[in-house]
Structure formats: C-alpha cells, structure tokens
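Remarks on the structure that follows.
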Amino acid sequence: MNVRVPVLIACTLALGVLTGYVLSYYQYDAYWLIAVVPVTAIIFILCTIFRKKKLQIFTLIFAAAFSCGATYCFFTVEKLKVCDVNTENLYNITGTVTEKGASAYGEYIILKNATADGTRLSGKVIAYLPEVYGEFCDTGYTVSFSTKLKFSEPFAYGKLSYNAEQNVKYTCTPYTLISSTYRFSLFGELRSLIRDTLYDNLSYDTASVCYGMLLGDTRNVDDEALDNFRYGGIAHLFAVSGLHIGLIYGIFAFILKRFRLNKYVSACLLLFTIIFYAGICGFSISSVRAVVMCAATMFARLFYLKSDGLNNLAFAVFVILLISPLNLFSVGFQLSVSAIGGILLLSNGIKRTLIKIKSPDKIASGVGMTLGAQAGTLPVMTASFGYVSGAGLVLNILIIPLVTVLFTVLFAGTVISLVIPAIAGFVMPYAALPLEATLSFLLGANFEGALITGFGAGFFVPLYLLAILIFSDKINLRAIPKSILSGCSVIILVMCVIAQTYAPLSGYKVAVSSSTSGGYALMKSRQGSVLIMTQYASVSRIKSFLNNEYSVDLDGVILLGDDYCVEAYDLSLGCNDVFVCYQNIDVQPYQTVEVHYEKSFYYCGISFEYLDGYNIFADVDGVNVFISGEETPPTQSCDLKISLYSSFGYVNPTYYVCGGEIN
C-alpha cells in the first residue's frame with residue numbers, strides 16, 4: 001500500500017473529533033482528553049529505543065491532530081449545552097440575518113451575532129415568522145424584535161441535532177413586529193439579484209429548480225419533485241460540489257486562456273472566481289470541499305508537483321473540520337467526502353475493466369465515476385435514509401453529461417441577464433428551456449419503485465468500507481488473494497444484510513423506534529409485518545425506519561391515540577388493514593383505507609388486545625408484550641414493556657422472540 005500521510009492525519013483528526021463528541025455525549029470530564037499524553041509518550045519512547053526517528057515525528061503529528069480534534073469538538077459541544085438566557089423572560093433580540101427561507105408554516109430567518117437585551121448570545125437564533133411580521137428583511141439585514149427564546153438541546157433526539165450542527169442554539173417566534181435596517185452584504189445582494197432574475201422571468205417551479213442548481217438552495221423546490229430527484233439518485237445536482245465548481249473553473253479557464261495571461265495571474269483569478277462562487281452559495285460544505293481540492297490541484301500544477309486525489313481530499317477534510325468539527329456529523333459532509341472517495345478508490349479500476357472489454361473510453365470513464373460515487377455513498381445513504389437508488393446508475397450516466405451542458409447554458413444566461421437586466425426577459429426563458437424539458441421528464445417519472453432498501457447500518461458500514469478498500473487499486477495484491485478476500489467480503493456483507501433485515505426463520509423480530517415526539521414498533525415474522533404507531537409520529541422517519549428494516553410493504557397498521565392526522569393514513573394506503581381501538585369511533589376511514597374498530601383481534605400470527613386507545617397488549621409467540629403510546633405509560637404486568645415515547649431522544653432497540661424467550 002502506498003501510505004499517504006495527509007490521509008492518515010485527516011483520519012486521525014476525524015477520530016479525535018469523534019472521541020471529543022463521545023466524551024461530551026456521555027458527559028465525561030475534560031481531563032479524559034489528556035489520556036492521549038501517556039499513550040503518545042509510550043509510543044515515542046519505544047520509537048526512541050528502536051531508533052525510529054520518522055515514527056517519532058509522525059507520532060507527535062498524529063497526537064497533535066487527535067488532540068486538536070478531540071479538544072475542539074468537546075468544547076464546541078459543551079458550549080452548545082450552555083443556555084445563556086432565562087427562557088421565561090422576554091428579551092429584545094437584535095441580530096444580522098444570515099439566512100432566510102420557507103418553513104412548513106411560513107418563513108424563517110437565522111440570525112448571527114445576535115444579542116438579547118444587549119448581551120451577546122453564544123450561538124445563532126432561528127426565528128419563525130408569522131404571516132405578518134413587520135418590516136421587510138432579507139440576508140444581510142439587521143433586525144430587532146421582542147420574544148422569549150427557547151433553548152435547543154444539542155442531544156434532544158438522542159444524537160446531535162441539525163440545529164446544533166449549524167450552531168443554532170435558540171428558536172423563537174417574534175412577539176412584536178420586526179424592525180429592520182438594511183446593511184450591504186455582497187454575497188447576500190448577489191443571491192437576491194440571482195433569485196429575482198430567475199423568479200421574475202421564469203415560472204415558479206422552474207425558477208425554484210434553477211435557483212437550487214445554481215446556488216444549492218432547495219427550500220422552494222416542491223417536496224414531491226425533490227423526493228423524485230432523491231429517489232432517482234440525482235439529488236446531488238442541487239449540492240454545489242465538484243460538478244458545479246469544475247464547470248465554473250472550466251468556463252473561466254477557457255475565457256482566461258484567450259487573454260494569454262501569466263499562469264500565476266490566471267491561477268489567482270481562477271481561484272478568486274471559484275471562492276467567490278462558493279461565497280455566493282453560502283460556503284456550503286460541498287462547495288468548500290470542491291474549492292480546496294481544486295486549489296490543491298492548481299498549486300501542484302503551478303509548481304510542478306505531483307497531485308494526488310486522496311491527499312487533496314484529505315486536505316479538504318482537514319480544512320472543513322478545522323472550520324467546524326461538527327461538520328463530521330453532517331450528512332452533507334459525509335455524502336460529499338464519500339462520493340469523491342469512492343470515485344478516487346474505484347473509478348480507475350472499473351474504467352480499466354470496461355476498456356478491456358472494448359467499451360469506449362468516455363463511456364468507461366463515466367460508468368467508472370458513477371459506480372465509484374454510488375459505491376462510496378451507499379453506506380451513508382442507507383444509514384441516513386434507509387435506501388439507495390436503483391435507477392441512479394443509469395440516470396447519472398445519461399443525465400449528468402446532459403446536465404453539464406444545461407448548467408453551462410443556464411449559468412451563462414444568468415450572468416448575461418445580471419449584467420444586462422434589460423434583456424433578461426428574452427434570455428432567461430431560452431436559457432432555461434432545455435433544462436425545463438429535461439425536468440418535465442424527470443419529474444414525470446416515478447423512481448420510488450426503483451429504490452433498494454434493507455441494508456441498514458451498524459456493522460454493515462465498516463465491513464462494506466473494508467470491501468471497498470480491497471476492491472480498489474490502492475492495495476497492491478495479486479489476483480488470487482484479492483479474489484479470495486473480495487469473495488469473502490461479499491459473503492460476509494450478504495450475511496450481514498440478511499441478519500439485519502430479516503426475522504429469524506422461526507419466531508418474531510420486534511424493532512422499536514421511540515422518541516420524544518412519539519414512535520413506532522414493527523413486528524415482523526414469516527407470516528407478515530405489522531406496524532404499531534403513535535398519532536404524532538413523523539411519517540418521513542417512519543419511511544426511513546421501514547426502509548432500514550426492509551418492510552416497505554406492510555400488511556397492517558395499528559394506531560395508538562385519539563386524534564389521527566391524514567399523514568398516518570397516507571402511510572397506510574398500501575396496507576390491507578388499519579386497526580383502531582373500538583372506543584375511537586371518531587376516527588373515520590380515509591380514501592380507500594379499511595379501518596377496523598376492535599378491542600381484540602388476531603393478525604400476522606399475533607394476538608392483540610387494546611387496553612384503551614393508547615395502550616395495547618400483544619401475545620408474541622408466548623411472550624406477553626405491552627406497548628404504550630402515552631408519555632407516561634401505566635403500570636402493567638408483562639414480559640416485555642415498550643414505551644413509544646422516550647425522554648432520552650431517539651431509542652432504537654430490537655428484540656427477537658422465539659419459543660417464549662426474548663433475545
């Protein structure tokens with residue numbers, strides 16, 4: 001193996017970040033961070049004894065990287081745990097709008113440099129705006145209003161929350177009308193100009209998709225359309241990454257080449273251009289990663305150094321984690337890094353194999369990059385969303401080259417319209433027309449049926465990554481050992497997937513997902529699958545849960561509660577039966593769903609009996625299971641008691657029941 005020191009340093013930094021996160025999560029004291037000192041000292045002394053000077057230097061470097069990551073992450077998370085205000089008091093909040101977008105109930109703004117009655121707050125504030133909220137405000141404006149702040153616990157759901165990842169510590173709804181003051185913001189002003197140019201000259205849906213492609217902002221893209229892009233495996237079109245930065249770089253490199261400028265001047269202009277574009281896009285993680293990798297490649301070319309893709313990726317990871325260690329836990333960061341990692345590890349080998357069987361070079365290159373990216377992102381997709389797209393391979397091979405052309409046309413049309421606003425009404429419809437035609441096809445197709453589910457996460461991820469490394473060309477093994485190791489990896493992975501997703505040959509699998517907002521329990525056997533859910537459980541999370549458990553096709557749904565929303569019925573449209581407690585006669589059937597009002601019933605080999613509308617007993621192969629949909633479950637005698645509400649955030653236990661025994 002060709003050992004890459006930058007990759008090892010980046011991995012050590014990431015391991016340190018993970019260690020700091022774990023220490024903070026389990027509320028260990030900070031002095032545990034100094035445990036790295038004696039370990040480093042022992043290794044350093046051994047290297048001295050055996051006269052390994054290089055290992056001494058590397059030991060110090062790795063220890064420094066690990067300590068930096070662990071300390072930085074630990075105190076970053078600890079800072080998020082501290083509430084600076086009394087949540088019962090009314091405060092006058094002032095801050096600068098760093099982001100504005102649409103929420104489920106209207107609009108929201110995120111404030112940085114916020115103060116409460118003149119005292120600086122240590123994190124950002126997200127304010128959900130009512131329909132009428134006062135003076136107009138947008139990115140860059142300074143706003144002021146009175147409200148009570150609600151503190152966002154960083155581990156409210158059992159893991160680091162999305163708000164904590166973004167350093168958002170407080171949420172609120174303004175009690176008074178907002179007063180605002182305009183302050184010039186270059187990037188904010190340009191985003192507003194681009195947004196106005198698109199929405200003033202294109203239909204709303206087309207403008208939303210174009211804005212998302214140009215700047216990575218999908219807040220106004222229709223949810224169904226966005227889901228279709230995700231299911232088709234091409235949602236990365238909305239993540240400003242290597243595709244976008246590479247195209248911008250290529251366009252301006254082509255233009256600058258015509259001026260025959262000094263190569264150092266050209267490099268500086270190109271670097272400024274892609275950094276400026278990343279700034280307009282809000283310096284998203286994927287755009288920063290692409291800019292850093294692009295800058296490293298440019299530097300190597302300028303000074304005639306060897307450029308290595310994995311080292312460049314490692315450098316980008318190092319920079320991003322130094323900006324904020326919590327980026328490590330962001331799905332966007334994980335997808336961006338794993339996609340490039342998969343391409344760097346696998347694409348060359350796939351390309352060479354295809355060329356050997358007489359495939360054209362461009363097709364072999366496209367297939368290699370697509371397969372590499374999908375292979376790299378598979379564990380992140382399955383762990384985060386519970387599925388991978390079966391249509392993604394074909395769509396990426398066919399659509400990406402086309403989108404490359406369409407994006408170039410759209411980008412050029414937008415720039416021309418910004419420079420000469422008078423002709424925007426003529427230029428923009430023509431610039432977006434080819435993209436609009438492509439979108440009509442993509443949105444009209446149903447890619448949900450092509451999803452591949454059931455992989456789950458857990459032990460699958462390290463085994464899968466080991467298999468990827470063995471398959472890659474980064475480890476130089478002979479054909480026979482490589483084939484044996486690859487075959488063993490595939491067998492282990494298949495066994496892992498089967499163990500993760502299928503119930504025992506005899507007996508039942510009971511998988512539970514419990515949270516502070518309600519939850520659900522899946523009972524699965526060879527006789528069928530039934531889902532027991534509370535009334536306010538998140539439908540999107542239920543779908544991910546079912547994907548992870550390979551139970552997309554449910555036989556039935558049992559509802560606990562007395563006030564059911566339409567989404568609960570939407571989930572059960574594909575089911576044969578929906579069961580409700582006989583006392584809840586106000587619950588009416590929705591569309592074609594057949595609702596059974598029962599006290600006791602037998603389903604999928606399990607005997608069920610409602611105690612009341614919120615609690616139910618189940619006889620699972622001789623084991624008496626009590627499942628409660630109340631925040632404070634009643635005291636009941638049973639073999640296994642499951643509460644679908646958890647004050648500890650998300651809890652996901654799994655039980656196997658067979659022959660009257662629980663494992």
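Descriptive notes on the structure:
- Summarising the label geometry, the points placed 7 Å from Cα in the beta-carbon direction at Glu630 and Leu247 lie 5.7 nm from one another.
- Note on Phe299 and Asp639: with the Förster distance fixed at 56 Å, the Cβ-Cβ geometry gives a FRET efficiency of about 0.30.
- Region 1-115: relative contact order in percent, alpha carbon pairs under 8 Å with at least 6 residues between: 29
- Residue separation of Asp553 and Asp227 scaled by 0.36 nm, minus their Cα-Cα distance, works out to 115.5 nm of gained length.
- Separation of the Leu465 and Val39 label points, Cα + 7 Å toward Cβ, nm: 1.6
- Overall form of region 193-329 per C-alpha gyration tensor (a/c, 1.5; a/b vs b/c): oblate
- Theoretical FRET efficiency, 1/(1+(r/R0)^6), r = Cβ-Cβ of Trp32 and Asn446, R0 45 Å, to 0.05: 0.30
- Sequence of Thr632, Thr98 when ordered by accessible area, the most exposed leading, probe 1.4 angstrom: Thr632, Thr98
- Potential extension, Lys257-Tyr175 segment - 0.36 nm per residue separation minus Cα distance: 23.9 nm
- Full-extension gain in nm, Thr353 to Leu398, via 0.36 nm per residue minus C-alpha separation: 14.2 nm
- Relative packing of 433-443, 314-324, which averages over residues the other C-beta atoms within 10 Å, highest first: 314-324, 433-443
- In this rough spin-label picture, where each label sits 7 Å from Cα along the Cβ direction, the Tyr204-Lys54 distance is 6.3 nm.
- Gyration tensor verdict on the chain (Cα atoms; rounded if a/c is under 1.5, prolate if a/b is larger than b/c, oblate otherwise): rounded
- Cross-link partners of Lys79 among lysines (Cα-Cα below 18 Å; sequence separation of 8 or more within a chain): Lys112, Lys124, Lys150, Lys159, Lys169
- Dipole of region 218-275, positive end: most advanced residue of Asn220, Phe259, Leu237 [Cβ charges, Cα centre]: Phe259
- Over the chain, relative contact order from alpha-carbon pairs under 8 Å, at least 6 apart, %: 10
- DSSP beta bridges confined to the chain are antiparallel in about 75 percent of cases.
- Order of exposure, largest accessible area first, which applies to Met523, Met369 with probe 1.4 Å: Met369, Met523
- Cβ-placed point charges (K, R +1; D, E -1), dipole of the chain about Cα centre in debye, nearest 20: 4540
- Placing Leu305, Leu611 in order of accessible area, with the largest value first and a 1.4 Å probe, yields Leu305, Leu611.
The values are calculated or read from the model by the stated rules, or taken from the named source; none is laboratory data. Owing to the predicted nature of the structure, the values given are computational and were not obtained by experimental measurement. Quick reminder, even Gly has a Cβ in these numbers, built from the backbone with ideal geometry, and neighbours come from all protein chains shown. Just so you know, the surface numbers come from the protein's heavy atoms only, side chains and all, with ligands and any DNA or RNA stripped out. Shrake-Rupley method; radii C 1.70, N 1.55, O 1.52, S 1.80 Å.
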